[in-house]
Amino acid sequence: MAIYIVTTVMTAVFIVLGLASMRLLKLYQSQTQRIHLLQNQLAALTAGAAGTDERILKFEQTLSKLKDHQNSMDLSANHQPGYDHAIRLAKKGADIEQLMTNCNLSNEEAHLIATLHGNSKSLH
């Protein structure tokens, strides 16, 4: 009878150990799958970050070119004749010679401003 009890207890222990081992094996497999999934996601994020870095670099280069272009346009705009000043003078009755001398305009520019904004006396 003692052997029967020992055998029954040993069988129960083996069944419990077997079930525990199977559960641990399933847990191990599940954790392994999750690790692989996370590794794939991390690889995708890393690849996306590398692409983002390249796009940011291109954006910064384009922005730098635009800034340079804007600066060159600002510099060239400062060398243009004073059309606003010439229009004010023409409205006050300045003649073409005065527009050319005071505003550094060509003859054609002075004629155009005088025609568009001046009075009839300034068209000489």
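Values quoted throughout were computed directly from the atomic coordinates according to the rules given, and no laboratory measurement underlies them. Values in this document were obtained by computation on a predicted structure and should not be read as measured data. When we count neighbours, we look across all protein chains shown, and the Cβ atoms used for this are built from the backbone with ideal geometry, even at glycine.
What nm value, rounded to one decimal, do you get for the distance between Asp68 and Arg23 when each label is placed 7 Å out toward the C-beta?
About 6.9 nm separates the two model spin labels.
Quick one: 3J(HN,Hα) in Hz for segment 24-41, Karplus 6.51/-1.76/1.60 with θ = phi - 60°, rounded, Gly and Pro as x.
Whole-Hz 3J(HN,Hα) from phi for segment 24-41: 5, 5, 5, 5, 4, 5, 4, 5, 4, 4, 4, 4, 4, 4, 5, 5, 5, 5.
Using θ = phi - 60° and the Karplus relation 6.51 cos²θ - 1.76 cosθ + 1.60, list the HN-Hα couplings for segment 15-20 in order, rounded to whole Hz, with x at every Gly or Pro.
With the stated coefficients, segment 15-20 comes to 5, 4, 5, x, 5, 5 Hz.
Would you calculate a helix-derived [θ] at 222 nm for the chain, using -39,500 (n - 2.57) for each DSSP H run of n ≥ 4 and dividing by the full residue count, to the nearest 500?
-30000 deg cm²/dmol
Within 10 Å, count the other beta carbons around each residue, average over each peptide in 97-107, 15-25, and list them highest first. Could you put the intermediate results ahead of the total?
Details: 97-107: 16.5, 15-25: 10.0.
Going from most to least packed, we get 97-107, 15-25.
Treating only the Cβ atoms of Lys and Arg (+1) and Asp and Glu (-1) as charged, compute the dipole magnitude of the chain about its Cα centre; round to the nearest 20 debye.
900 debye
Assuming 0.36 nm per residue, please report the length gained on full extension of the stretch Thr115 to Gln33 beyond their Cα-Cα distance.
Taking 0.36 nm per residue and subtracting the Cα distance, the gain is 21.2 nm.
State the answer as a single residue: which of Leu38, His69, Gly48 lies farthest towards the positive end of the charge dipole of segment 27-78, with beta carbon charges of +1 for Lys and Arg and -1 for Asp and Glu, about the Cα centre.
Positive-most Cα among the choices belongs to Leu38.
Rounded to whole Å and sorted largest first, what semi-axes of the equivalent ellipsoid does the C-alpha gyration tensor of the chain yield via the square root of 5 times each eigenvalue?
97, 13, 8
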